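Trainee: Let me begin by handing over the structure; questions about it come next.
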């Protein structure tokens, strides 16, 4: 490993699979879906989702601080704290000017905006909270994490829809390589489970309508999939240059070996069926990592459980990597956390490399005939894993691919 290689030294996770890294890993290995009926969505065409179980922000933050933060930001702050602690870093003693924060999101503080908009319509403008303008903007997610941790370096928000996680990690890696920081807190958070968001996605036909069997609704690569199940989550990775991590004796979880990013420039929401831009992003990431397709042992797929996306992705992966790599989509368990999906999946990929274990794709009962890949289902699969790919694709045709390798 070269001195300027960028490595992962810490992880923080909050998702429907659990609160904290240990519970998340246990949850995705179980292969049990987190989808459940959601009382806050009652009366909508789709009234189920994947929420973080038992999450009370006052267990983690002072009530007066939490009150000023949208739920997405709350999730991000808690995940970032875990990641920093996992990396063995102490914000009380670091040089905050050399710590960057790059966090992505798709919806930002949409819950806060919806709440205050409803108050204005129902009670008048004088009832709108002045805090709406420090809770709703997307940049407030990395800003709040920086304030919580005393990180005064570059502070950026990646907003590339469901590719926001890889965009954030790839950007943070570039900041480290450019010498603009010594530590980068990277990842993404989203809390999109609001009535307006869910109503809009239902109108688009993007959601599963499997109300008679909610636990089986998110079923990536299955021939009977009918749409995604939306989730909330936050995933944060602490990144450092290899030499800096080694100098302080840090545990290295994985290396961020490659990054690729492209745009379909095809459709506002549907993937380009040719997959040419997705393929370009995957090949960029492999070239950046100086790896061949035969080097990739594992793929954490975007696998959103939508009819178009899963087949398009599967064709590209088969075309570029062949059928040797062990493929999974952890969205079968967690649902689709939109802007946060790629960040939590990058963390799961790091854990897979560490444990030589691929989590199963939940609810995969009958593999789609057009998915000519070795998709892990039913139970985890153990195998030597040295290099892995994680894919993320978003509305607008934005694509992000990371290549991660074992240290």
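Trainee: Within region 224-274, take every residue that is in contact with a strand residue (DSSP E or B) (Cβ under 6 Å, 6 or more places away or on another chain) and in a loop (DSSP other than H, G, I, E, B) and give me the one that is surrounded by the most Cβ atoms within 10 Å (Cβ to Cβ).
Mentor: Top of the filtered list is 229.
Trainee: What's the number of the only condition in (1) within 18 Å of residue 229 (Cβ to Cβ); (2) at pLDDT below 95 that residue 64 fails to meet?
Mentor: It fails just one condition, (1).
Trainee: Now for a different question. Would you confirm whether any residue within region 304-326 is free of Cβ contacts under 8 Å to residues at least 60 places away in the same chain, over 17 Å from the mean Cα position of the chain (by Cα) and assigned to a strand (DSSP E or B)?
Mentor: The answer is yes, given that some residue of region 304-326 is free of Cβ contacts under 8 Å to residues at least 60 places away in the same chain, over 17 Å from the mean Cα position of the chain (by Cα) and assigned to a strand (DSSP E or B).
Trainee: Go over the candidates 112, 33, 126 one by one and state the one that is crowded, with 21+ Cβ neighbours inside 10 Å and modelled with pLDDT under 95.
Mentor: None of the others qualify; the one that does is 112.
Trainee: Which residues, taken from region 183-215, are under 30 Å from residue 148 (Cβ atoms), touching a strand residue (DSSP E or B) at 6+ places or on another chain (Cβ under 7 Å) and in a loop (DSSP other than H, G, I, E, B)?
Mentor: 192, 193
Trainee: Sticking with this one: Residue 404: in a loop (DSSP other than H, G, I, E, B), crowded, with 24+ Cβ neighbours inside 10 Å and at pLDDT 95 or above, yes or no?
Mentor: On the way: in a loop (DSSP other than H, G, I, E, B): no; crowded, with 24+ Cβ neighbours inside 10 Å: yes; at pLDDT 95 or above: yes.
Considered against the rule, which asks whether it is in a loop (DSSP other than H, G, I, E, B), crowded, with 24+ Cβ neighbours inside 10 Å and at pLDDT 95 or above, residue 404 comes out as no.
Trainee: Would region 3-20 turn up any residue that is more than 30 Å from residue 402 (Cα to Cα) and in contact (Cβ under 8 Å) with a residue 12 or more places away in the chain?
Mentor: No - not one qualifying residue is present in region 3-20.
Trainee: Is it true that some residue in region 166-180 is within 16 Å of the chain's Cα centre (by Cα) and over 17 Å from residue 240 (Cβ atoms)?
Mentor: Residues of region 166-180 within 16 Å of the chain's Cα centre (by Cα): 166-172.
Still in the list and also over 17 Å from residue 240 (Cβ atoms): 166-167.
Looking for residues that are within 16 Å of the chain's Cα centre (by Cα) and over 17 Å from residue 240 (Cβ atoms), one finds at least one in region 166-180, hence yes.
Trainee: Inspect all residues belonging to region 331-341 and state whether any of them is crowded, with 24+ Cβ neighbours inside 10 Å, under 17 Å from the mean Cα position of the chain (by Cα) and free of Cβ contacts under 8 Å to residues at least 60 places away in the same chain.
Mentor: no
Trainee: While we're looking at this one, here's another question. Does residue 346 satisfy the condition of being crowded, with 19+ Cβ neighbours inside 10 Å, in a helix (DSSP H, G or I), in contact (Cβ under 8 Å) with a residue 12 or more places away in the chain and touching a strand residue (DSSP E or B) at 6+ places or on another chain (Cβ under 7 Å)?
Mentor: yes
The values are calculated or read from the model by the stated rules, or taken from the named source; none is laboratory data. Worth saying up front: this structure is predicted, and the values here are computed from it rather than measured. Counting neighbours? That spans all protein chains shown, and the Cβs are built from the backbone with ideal geometry, glycine included.
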